[in-house]
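K.L.:
Below you'll find the structure I mean.
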Amino acid sequence: MNVSARNFSRPDFADRVVRILQTVDVPPNRLTIEITETALLTDPVRAAIALSQLDAFGVQVSLDDFGTGQTSLQYLTSLPIDELKIDMGFVTDMLENPSHAAIVRAIIDLGHNLGLRVVAEGIETRDVFRALHESGCDVAQGYLLSRPMPAGDLPRFFAAVADISLSRAR
């Protein structure tokens, strides 16, 4: 769930998330809150409090669009963050732009060395997917895999993916 800097900076943000999860009876580890570097920088003290509350409840936190803002690397070691999402601006042209490829590899290594899951956004080609896989990226996201869809379409999508996987395994 993407959260705006404005919503994230509300003093009751973490409490509201916890109440909603309890109301709808969803285990907290099934929710990943995606915040941008901007959300951290808007009010770093408030951000630290909210992240600590969410972490204590078991909610996962992803730092979205990593590499595009001005986050201090100190935040990665001092805040309870579970995941880094590499901004698609680096991913989409990493095969043509050696500097972007180096940044992607560095973010993957940094994330793994800090015990974080690393997600690459904006994957549109098999070659980029392959390069990310070879670099050890944990999770892939992009139009190559699927376009956004309504929740009601997910069962049909997963069934189709399972059929493809099973037919390739034979």
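K.L.:
What is the order of Ser62, Ser4, fewest Cβ neighbours within 10 Å to most? Don't skip to the end; give the middle numbers.
P.N.:
Working: Ser62 21, Ser4 12.
Ascending Cβ contact count within 10 Å gives the list Ser4, Ser62.
K.L.:
Per the Cauchy relation, a quarter of the hull surface: what is the mean projected area of the convex hull of the alpha carbons in segment 5-169, in nm²?
P.N.:
Values: hull surface 44.0 nm².
Hull-based average projected area comes out at 11.0 nm².
K.L.:
Once you list every other residue whose beta carbon is under 13 Å from the beta carbon of Val24, what net charge do they have if Lys and Arg are +1 and Asp and Glu are -1?
P.N.:
Numbers: positive: Arg16, Arg19, Arg30; negative: Asp25.
That works out to +2.
K.L.:
On to the next question. So how far apart, in nm, are the two label points at Ile49 and Leu154 if each is 7 Å from Cα heading toward Cβ?
P.N.:
Taking the two extended label points, one gets 3.3 nm.
K.L.:
Report the net charge of residues surrounding Gly115, where surrounding means a beta-carbon distance below 13 angstrom and charges are Lys +1, Arg +1, Asp -1, Glu -1. Intermediate values should be presented prior to the final figure.
P.N.:
Working: positive: Arg117; negative: Asp82, Glu83, Asp109, Asp138.
Surrounding charge for Gly115 is -3.
K.L.:
Next up: Rounded to the nearest 500 deg cm²/dmol, what is the calculated helix-only ellipticity per residue at 222 nm for the chain, with -39500 (n - 2.57) per DSSP H run of length n ≥ 4?
P.N.:
Numbers: 9 runs with 87 residues, N = 170.
So the calculated ellipticity at 222 nm is -15000 deg cm²/dmol.
Here, each number is a calculation from the coordinates, and none is a lab measurement. Just so we're clear, the structure is a prediction, and the values are computed from it rather than from any experiment. We place every Cβ from the backbone using ideal geometry, glycine too, and count neighbours over all the protein chains shown.
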